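Engineer: Here it is, the structure in full.
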Amino acid sequence: MRLDPFSEPYSRDPAATWRRMLATSAPVSYDPKLGMWLIAGHDNVRDVLSDTIQFSNAMTLVPITQVSALAGAILAALDAPAVAVTADPPQHLRTRAILRALFPTTTLRAQQQWGALIQVRVDHLVTDLEQQSTADLMVFAVHLPLYVILDVLGLPLTDAAVVRAWTDDFAQLLWGNPTPQAQIAYAHSSVALWRYCVDAVTARADSGDYGSGLIGDLLRYRHNHDANLTVAEIAALALNLVGAGWETTAGALGHALDHALTEPERWARLADDEHSLSLHIEEALRHSPAIDGWLRHTTTDVTLDGVTIPAGSRCLVLIGAANHDPAVYDEPYAFDPLRVRAGQHLAFGAGPHYCIGAALARLELTTALRTLARRLPDLTLAAGYQRQFTPSAALRQHTALPVQQRPARCPVARYSS
Ligand code: HEM
């Protein structure tokens, strides 16, 4: 089976490839061009993501395409210790347990800790949108989770632009297909992002003024003892969270908004029907997962679905294909905003690495969609809009989401009428 994650057809419609894979009954196959094993099928994907012994996370943040020697030499400075998403047991369990103790992972605790803050951020961004008759909603979708993750970590919003640029480059280096020239620039950005995390943590550790946010909480947990947590481990957790916290949620917000704006009745329902809002979000996560491919490598020969994957193989675990498995979902390619079993999706992973930020992401999605639908009821997708996603083997994010307001709601039109 072949999959070209960087091709124009895959970037436009990845589901067409998943459909082919699932229909050919070859849910586990080797792609010689990618040099990776492709894993599809709901149960296979769930089993692989849950198995931290035979499927390692240690290479999750190693670029999937071969980087040049020069880019590799630059990247050597990114010497973050393995924590959370890049760690295997027992280090994974240790660092995840610390995160879980300090980071709200239930809907209620997330709402209590961040509900008001997220509402303020959403309100400001929607006020900006109200002044425009046309806009790119991806600007909103990016800024909201970017500001929120900086708030959560206790980092200044004035750093948003550089953090965004570095993270984008890091993601392209890891899961894109950059030219050798671009690899060098992206490697520098990745190291700059790592140094930024190290400096932010070290400055607070050295001064003893730990400050607010999760970085402060981790330093207080550390209590000046490396046996609890080292400064480098805290910086690595910050790197994990900055990367995982906003790119994914921006992608998910773009998908949920796109599906919501496709039909005016859907948009209207989201304004005042909380049940529909929550079903819509779960179906958007299922139908269009923001991470639709994820990485593992085998620590031993593993037989999966009757196929033996040799030890040391890299695997592209197709979460998107799992979420479209007809064995689990009726009419999986249709977006059904009232689908009741959508919540079985694997958009946040499964098992020991299950997403720490799922409750936060759902809170951001809910607050954003509800507020936008209430305050901009006449928002529509721009005429002639063509859906396009950034080429990536892992992250599915719209390149743009152009929208317009019908004239009655546009302040300029209202003024002149
Ligand atoms: C819609 C948005 C999001 C999606 C689709 C998503 C998806 C995922 C997935 C698929 C995994 C599993 C990785 C694996 O199995 O190796 C994961 C893990 C993780 N996510 Fe998320 N995520 C989202 C939002 C967030 C947010 C907002 C945060 C933090 C603020 C976050 C932090 C993490 C962390 C730290 C892990 C690693 C957990 C571990 O390895 O134990 N994510 N996420």
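The values are calculated or read from the model by the stated rules, or taken from the named source; none is laboratory data. No experiment lies behind these values; they were computed from the predicted model shown. All Cβ positions, glycine included, derive from the backbone under ideal geometry; neighbour counts span all protein chains shown. The protein model used for the area step is the full one, side chains on, heavy atoms only, and it has no ligands, DNA or RNA in it. Shrake-Rupley method; radii C 1.70, N 1.55, O 1.52, S 1.80 Å.
Engineer: What about Ala400, is it in contact (Cβ under 8 Å) with a residue 24 or more places away in the chain, out of contact with any helix residue (DSSP H, G or I) (no Cβ under 6 Å at 6 or more places or on another chain), surrounded by fewer than 19 Cβ atoms within 10 Å (Cβ to Cβ) and within 24 Å of Ala15 (Cα to Cα)?
Structural biologist: The answer is no for Ala400.
Engineer: Also: Tell me which of these Val62 doesn't satisfy, since it passes every other one: (1) under 18 Å from the mean Cα position of the chain (by Cα); (2) more than 10 Å from the ligand (Cβ to nearest atom); (3) under 19 Å from Ala358 (Cα atoms).
Structural biologist: (3)
Engineer: For the range 137-172, name all the residues that are touching a residue at least 40 places away in the same chain (Cβ under 8 Å) and among the hydroxyl-bearing types (Ser, Thr, Tyr).
Structural biologist: The one that is touching a residue at least 40 places away in the same chain (Cβ under 8 Å) and among the hydroxyl-bearing types (Ser, Thr, Tyr): Thr167.
Engineer: List every residue pair whose Cβ atoms lie under 7 Å apart, where the two residues are 6 or more positions apart in sequence or sit on different chains, the first residue falls within the range 284-297 and is more than 19 Å from Leu253 (Cα to Cα), and the second residue, located anywhere, is near the ligand (Cβ under 9 Å from one of its atoms) and at pLDDT below 95.
Structural biologist: Leu295/Thr60
Engineer: For the range 249-269, give me the residue count where each residue is within 16 Å of the ligand (Cβ to nearest atom) and touching a helix residue (DSSP H, G or I) at 6+ places or on another chain (Cβ under 7 Å).
Structural biologist: 10
Engineer: Could you tell me whether any residue of the range 101-109 is more than 16 Å from the ligand (Cβ to nearest atom), of a type outside the set (Asp, Glu) and free of Cβ contacts under 8 Å to residues at least 60 places away in the same chain?
Structural biologist: Yes; the residues of the range 101-109 include at least one that is more than 16 Å from the ligand (Cβ to nearest atom), of a type outside the set (Asp, Glu) and free of Cβ contacts under 8 Å to residues at least 60 places away in the same chain.
Engineer: Considering only residues that are in a helix (DSSP H, G or I), out of contact with any strand residue (DSSP E or B) (no Cβ under 7 Å at 6 or more places or on another chain) and touching a residue at least 60 places away in the same chain (Cβ under 8 Å), look in the range 126-136 and name the one that is farthest from Ile291 (Cα to Cα).
Structural biologist: The qualifying residue farthest from Ile291 (Cα to Cα) is Glu130.
Engineer: May I ask you to list the residues in the range 351-400 that are within 16 Å of the ligand (Cβ to nearest atom), part of a loop (DSSP other than H, G, I, E, B) and over 17 Å from the mean Cα position of the chain (by Cα)?
Structural biologist: The answer is none; no residue qualifies.
Engineer: In the range 213-268, which residues are open to solvent by less than 10 Å² (accessible area, probe 1.4 Å) and more than 28 Å from Thr167 (Cα to Cα)?
Structural biologist: Within the range 213-268, just Trp267 meets the criteria.
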